[in-house]
1. Just want the answer: with Cβ charges of +1 for Lys and Arg and -1 for Asp and Glu, which residue in A58, P73, F84 is farthest toward the dipole's positive end in the stretch 31-189?
2. Using the crude model of +1 on Lys and Arg Cβ and -1 on Asp and Glu Cβ, and no other charge, please compute the dipole size for the stretch 61-201 relative to its Cα centre, in debye to 20.
3. Could you name the lysines whose alpha carbon sits less than 19 Å from that of K218, not counting residues in the same chain fewer than 8 places away?
4. Along Cα→Cβ, 7 Å out, is where each label goes; now give me the distance between the ones at D317 and K234 in nm to one decimal.
5. Give me the distance between the Cα centres of the stretch 382-412 and the stretch 287-334, rounded to whole Å.
6. Please give every one of the lysines within straight-line cross-link reach of K122, meaning a C-alpha to C-alpha distance under 16 Å, and leave out same-chain neighbours fewer than 8 residues apart.
7. Compute the signed sum of charges (Lys and Arg +1, Asp and Glu -1) over the other residues within less than 13 Å, Cβ to Cβ, of Y240.
8. Limiting things to C-alpha atoms, what are the Rg and the maximum Cα-Cα separation (Dmax) for the stretch 298-437, in angstroms?
Amino acid sequence: MRFYDIMYQFKIGLIAIITSILFISSSFSQVMVSPYSAYGMGMMSEKGFVSNSGMGNAGIAYQSPWFIPVLNPALLGSQSFSSFEAGLSITQNNISDEVTRFRQVNGGLKYISLAFPIVPGKYGLSISLKPLSSKNYEILQRRRSEEFDPQAELARFQGSGTISQFSLSNGWNINKNIAVGLEANYNFGNLTDRTVFENVINGEDTVAIPYLISAENKDNFSDFSFVLGTKFTKKLGENYLSLGVTYDLEANLNTTRNTYLQLLSSTETPITQLTDSSTFMVAGTEGTTTLPQKISAGLSFVRPNNWAILADFSYQDWRQYRSFGIAESNYVEETKINIGGEYTPNIQSGTRYLERVTYRAGINISNGPLVINNNRINSFGITFGTTLPITQVSNINLAFEVGQRGTLLNSLVQENYLNFNLSFTFNDRWFLRRQFD
C-alpha cells in the first residue's frame, strides 16, 4: 500500500473517530444559563465559529483560507481546502439581582462542520451541525400577594432544551468580484417550560397540596429555514474591500406541543394513588413557530494573510415572532453591531512561531430583543482570540469573551459572563489528482 493511501485512510479514520466521539458523548449542550432564556425560543446562539468569536462575532464579508466561513454562504465559493472543524465552549455566568448573586458554569460541544472546494475558485459547499437556540433557566418567586393562581407560597419556573440546525451551504463565485450563496437548514429539537407551585394553599390560608405542576409544555420542532447571501469585492492595490449581505427568510417551523398537568408529592414524584386525576395530558397539538426575517450586512478591508478589519450590522424584528399564532409580548426589534479584526505578523516565517500566530480582538453590541418592566435587555461583549498553527495548514483556534447582559433596574437581573471557545481546524487538499506514484 502506498504511503499516501495510508495517510489518506488515516485522515478519514481520524475524522470519523472524532465525529463519532462528539455525537456519542453528547448532543449540543445548553452552554448558557440565563433567566432571560425563559422567553420565546430562548437564547439565540451566535452563528459564528471560534475564529469569528475572537473578532466580535464579525465576518459576513470576510473569507479566510484557514477556517470555514459560516456567516455568509457566498464566501464558500473561495474555499481553498477541504476542512473539518469542531468547536467547544465553556461559559461562566455570574447572575445577580438586588439581593442575591450566584455563579453557573456550563459547557460542551458547540458545532462540527465540513467544507469542500468542489470547483476550486468557483464553487464550494459545507455541512454543519450547530445550535440555533436553547433554554436553560430556573427562577424562584415567593408569594407576596394574590399574584399566583392557584395561590402558593413559592413558584418555580424552569426551562431546558436545545434547537439544533443541520446546514447545507453552497457558494458560487460568479466572477472575481461577485459571489452568491444559499444555505438550507433543517431545524430540530425540543424546548420545555415547566412551572411548579409549592405549598398550594386553600381559602383558609392553610396548605392543601404540597406540590402542583400547573403546566409543563414541551414543544418539538422540525422544519426547514433558508439563508441567501452575496458578496462584492474590489481590489485596492494589495488590499481588498468587500461588502457582504445575508437575508434570513422568515421561517415557519412545524411545532408539536405536549402539555402536562400533574400532582406531585413533596419529593416531586407523581401521586400514584390518584391515578385518574394526578396526571392530565394533551398530546400532539400541532402548530407553527414563526421566526422573523433577518437582514445583515458586513464590510471587510483585508490584506490577505496579514490583517483584516471587519464590521457587521444586523436587524431582526422580533415583534413578528409567533408561537401557535401568539406573539411574545416582551419581544421588540433587535439590532446588533459586531466589530473586529485580526493580525498575522508573518505567516511564512520558518523560524519564529509567534510570527505565524494570528491575533484577534473585537466587540459586539446587541440592543434587544427583550423588553421587561420597560427596560431593554441589552448586551455588550469584548472578545479576544488567536489561531495557533499545528501544521502548515491546520490549526487550533481560541476565543475569549467578557460581557454583560441585562440590568439591575426595576428588580431585573444582570449577568456578567465569560465565554471560552476552542476549536480544531484540519485543512488538507483531498481531491487533487495524483500525477506520480
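FYI, it's all coordinate maths here, none of it is from the lab. Given the structure is predicted, the values throughout are model-derived calculations rather than measurements. Counting neighbours? That spans all protein chains shown, and the Cβs are built from the backbone with ideal geometry, glycine included.
1. With unit charges placed on the Cβ atoms, the residue in question is F84.
2. Roughly 540 debye for the stretch 61-201.
3. Of all the lysines, those that pass the test against K218 - Cα under 19 Å, at least 8 places apart if same chain - are K135.
4. 3.1
5. 20
6. In chain and number order, the partners are K176, K231.
7. Once positives and negatives cancel, what remains is +4.
8. Just the Cα atoms of the stretch 298-437 yield Rg and Dmax of 21.0, 73 Å.
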